[in-house]
Each structure stands twice: as structure tokens, then as C-alpha cells.
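The values are calculated or read from the model by the stated rules, or taken from the named source; none is laboratory data. All values reported here derive from a predicted model rather than from experimental measurement. FYI the Cβ positions are ideal-geometry reconstructions off the backbone, even for glycines, and counts take in every protein chain you see. Note: areas computed on protein heavy atoms with side chains; ligands, DNA, RNA excluded. Shrake-Rupley method; radii C 1.70, N 1.55, O 1.52, S 1.80 Å.
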Amino acid sequence: MRDESWSPFRAWCRRPAPGDGPAARWRPAWQDAFLFCVLLAAGAWCVWRAANLPQYHWQWSVLGEFLLRRGANGQWEAGLLLLGLGVTLRIGFWGMVLALLTGVPVGLASAHARGAAALPSRVYVTIIRNTPPLVLIFFLYFFAGNLLPVAALEDGIRHLPGVLREAVALGFAPPGQMDRMLAAVLALGLYEGAYVAEIVRGGVESVPAGQWDAARALGFSRGQSLWLVILPQAARVVLPPLVGQTISTFKDSALASLISLPELTFQSLEVMAVSQMTFEIWISAGALYLMVGLACAGLGRWLERRSDFA
């Protein structure tokens, strides 16, 4: 339930514990304030040291053209870093969609399953979760890429009407990047899907067995029990770790830079090589990744507050 009594003072206080009784008051969290002061002092020291680095000339004024710039027609257009951010968002979005499409069914099928019934899901989770995502990306790009009909897919896209071609280029990948985008999305989707499967399985198994019995006593089938009784309760447990997994998916998309997909990390490397701006570029790239993570976390908190099961 949303805390309507929030105030700046209470932000630095600890709420009363459930067993403290009605006389308990909000108490200042001195250790949190001390930790905040320590972090603030450390940040100020880092800024002071960075500003006084020998033999380094800061060029923040040049950075803007790599974020937004004027095109040949005089209109504002995205610079290399924002173009890379767009590719990062597309990789993370489609990777997470694939992770949900694979992880949720596997998690539901493996919940309360034992013996041979649990073997397929355990094999999938064990193999994928113990394989580095970078190895998966290289495997799909160099090996499976030759097996998938990528060339036929790109040829089919070229014969689409112009509006549809633009939609595919804007929503997924432009021509010439389809093979790398497919490899990145498949690798991240399968990799994160193994973790999603474990999150869903844990959430479903956290619901007391008595809820299944109560649903059966009401005459519900197994599917109705799962959809109407179990999943709404499991969602409370599943949603927070799913938000964390979504943030990890966007961060792991940086691995796609190693197959020359022009996402944010790849574009940052390119800009750094051209401009010789090391710190400015990576501070900016880190800030952009932070913004994506904060947006995902904010969306997760909004869903927790707005959803019926919250």
C-alpha cells in the first residue's frame, strides 16, 4: 500500500517495526545519514581529483555534438551516443520479450514438478545459466547464424512496402544489421529466460499448497486454479526480481558490441577513438545506462502500486 505520509524528514527515518506498538514513532536513521555523508564526501573527492588530473584536458563542450547535432538540412538529429542508446533499448526490449516467452512457460512447467517431468526444464536452466552470455552470443553469431535463414529474411524485408521497411528498421534493425541483432536478441533472450524460469518457479512454489486445495474444493480446474488463484499471489513475489532481471538484460546488451552491433558501448568506443575523450564518454555512457535502469525500476514500482495484486 502506498505510504501517503511520506515527508523529507521521514525519508531519513526508519518506520516503526510491526511489533513496536502504537506508541512507537519514526526514528532517525543516523547510520543512513552517516553513510550518505561518507558517499557524498567520496563523490566530492572523486570530482576534485578528476578536475585536477594531470595531462588531461576535459572537453565537455564537445560532447554535445555526439548526443544531439544539426544535420545537413539544419534539423536536429540524434548523435552517435543517442543512436547507440536506441539500439541498446531495442536489444534489451526484444531480449526481455524473448526471455519472458521462454522463461514463463518453463517456470510454470517446472513448478512442483519432480523426476522426469522436471528434467527438460532443469536441463535448459542448467546449461544456459552456466554458459557465459558472451559465449552464447558468439555461438549464435558464428555458428547458428549460418543455419538461420537470415539472408532470406533480409531479402524478404527489402521487398516489403517502404513504410513497413522503415518500421522494421526503427523497431528492430536496419538492413545489414539483422544477423547481429538476431544473434544478440536470441542470446540474451535465452540467457535471461533461464533466470526468469527460476524466478517464476520460485514464485509459484512460494504459494502455500493449501491454496491449490482450496481452489480444487471450489471446483476449479488446474488451469483455472493457476490463473485465478496461484498466479495473482505469485506475482507479488515474482515482480521485483523480474524488474531486476530486466535491468540486467539492458546492461548485458553491452556484450553485443563485441559482434560490432552499434549499441551504446560500441558507439562510445568509436567516439572515444575519434575524439580522445575518455572520461567524458564513459561518464556519459554510464549515466545513460543508469537512466535506463532507473526507468525500469520506476516502472516496476509503478506496476507494484497499480496492479490489482499489490
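Would you check which residues across region 62-99 are open to solvent by 70 Å² or more (accessible area, probe 1.4 Å) and either within 23 Å of the chain's Cα centre (by Cα) or on the phi > 0 side of the Ramachandran plot (or both) and list them?
Those that are open to solvent by 70 Å² or more (accessible area, probe 1.4 Å) and either within 23 Å of the chain's Cα centre (by Cα) or on the phi > 0 side of the Ramachandran plot (or both): LEU83, LEU89, PHE93, TRP94.
Would you confirm whether or not region 199-215 contains a residue that is open to solvent by 10 Å² or more (accessible area, probe 1.4 Å), among the hydroxyl-bearing types (Ser, Thr, Tyr) and out of contact with any Ser or Thr (no Cβ under 6 Å at 6 or more places or on another chain)?
yes
Name the residue that is nearest to the chain's Cα centre (by Cα), counting only residues in region 39-61 that are open to solvent by 70 Å² or more (accessible area, probe 1.4 Å) and at pLDDT 90 or above.
LEU39
Please work out which residue is surrounded by the fewest Cβ atoms within 10 Å (Cβ to Cβ), limiting yourself to region 143-188 and to residues that are under 21 Å from ILE259 (Cβ atoms) and charged (D, E, K, R).
GLU154
Can you tell me which residue among LEU226, LEU299, LEU290 is over 30 Å from VAL62 (Cβ atoms) and loosely packed, with under 15 Cβ neighbours inside 10 Å?
Going through LEU226, LEU299, LEU290 in turn, the sole match is LEU299.
Taking the condition of being closer than 29 Å to ALA51 by Cβ, in contact (Cβ under 8 Å) with a residue 24 or more places away in the chain and open to solvent by 60 Å² or more (accessible area, probe 1.4 Å), how many residues in region 254-275 meet it?
1
Quick check on TYR124: is it among the hydroxyl-bearing types (Ser, Thr, Tyr) and either crowded, with 20+ Cβ neighbours inside 10 Å or closer than 19 Å to LEU255 by Cβ (or both)?
So TYR124 does not fit the description; no.
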